[in-house]
Amino acid sequence: RDFPDIYLQASLDGMGARGELMRKGLRWEDAVANRRRLLAECPHIDFVVHAIVSALNALHLPEFYRDWLDQGLITPGGMQLNILHGPPHYNVRELPARLKDRVERSYREHLAFLASLGDAAAAPRRDFEAVIRYMRAEDCELTEDFRARNRELDLLREYANEHDPNAV
């Protein structure tokens, strides 16, 4: 307790296999175990999940927030969102209109939940609102670029997994 004001951010962009896919080398079970250990041994540390919002995870961030809040792994203010701008095929502005609609509906429902938490969730509320504004500011739809790049990455990962059982 020599350092009473410690602020720690964990770069986590999704739960489970999605989180592991997005952060090479992440083992989800370890992330959860480490957070639980931190809570047990250093409960005074101010902890925040720092998530990068992209086309790969935009639909799932409200679920991630709720899951960790329900488990007591974050506080209501315990998630910070930053928007990925490039590469373009992962930018949320590139999502097709129907997916943008789904993301916005999901975020609007989540914003209502966050509002019910009061001022403690003010920062995540601002972040989710900012994602909606940013996503809706422009329509680009590079969907085929997104698919092509992910096919390439899937092939690379499959090759890596065949040759390295510890590869993600």
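The values are calculated or read from the model by the stated rules, or taken from the named source; none is laboratory data. What you see is a predicted model, and the numbers here were worked out from it, not measured in a lab. Here the Cβ positions follow ideal geometry from the backbone for every residue, glycine too, while neighbour counts run over all protein chains shown. For the accessible areas, the whole protein counts, side chains as well, though only heavy atoms, and no ligand, DNA or RNA atoms are used. Shrake-Rupley method; radii C 1.70, N 1.55, O 1.52, S 1.80 Å.
Could you tell me what percent of the accessible area of segment 5-60 is made up of carbon and sulfur, with a 1.4 Å probe and every protein chain present? Mind dumping the intermediate values first?
On the way: 1600 of 3030 Å².
C and S fraction of accessible area: 53 percent.
Looking at segment 21-109, which trypsin sites (Lys or Arg not before Pro) are in a loop (DSSP not H, G, I, E or B) and have at most 14 other Cβ atoms within 10 Å? Passing sites in segment 21-109 are 24, 27. Taking segment 4-29 and a reference point 7 angstrom along Cα→Cβ of residue 50, the backbone N atoms nearer than 14 Å belong to 7-13. Amide H contacts of residue 49 (H built 1.01 Å from N, in plane; Pro and chain starts excluded): 10, 79, 80 sit under 5 Å, all sequence-distant by 5 or more or on other chains.
Label-to-label distance, residue 130 versus residue 17, with points set 7 angstrom from Cα along the beta-carbon direction: 3.2 nm. Between residue 91 and 55, the built amide H atoms are under 5 Å apart, and every one of these is 5 or more places off in sequence or on another chain.
Computed from phi, the 3J(HN,Hα) profile of segment 123-139 under the Karplus parametrisation 6.51, -1.76, 1.60 (θ = phi - 60°) reads 5, x, 4, 4, 5, 5, 5, 5, 5, 4, 4, 5, 4, 7, 5, 7, 10 Hz, with x in place of Gly and Pro.
Backbone geometry of segment 74-89 corresponds, through the Karplus equation with coefficients 6.51, -1.76 and 1.60 at θ = phi - 60°, to 3J(HN,Hα) couplings of 9, 8, x, x, x, 9, 10, 10, 10, 8, 6, 9, x, x, x, 5 Hz, x marking Gly and Pro.
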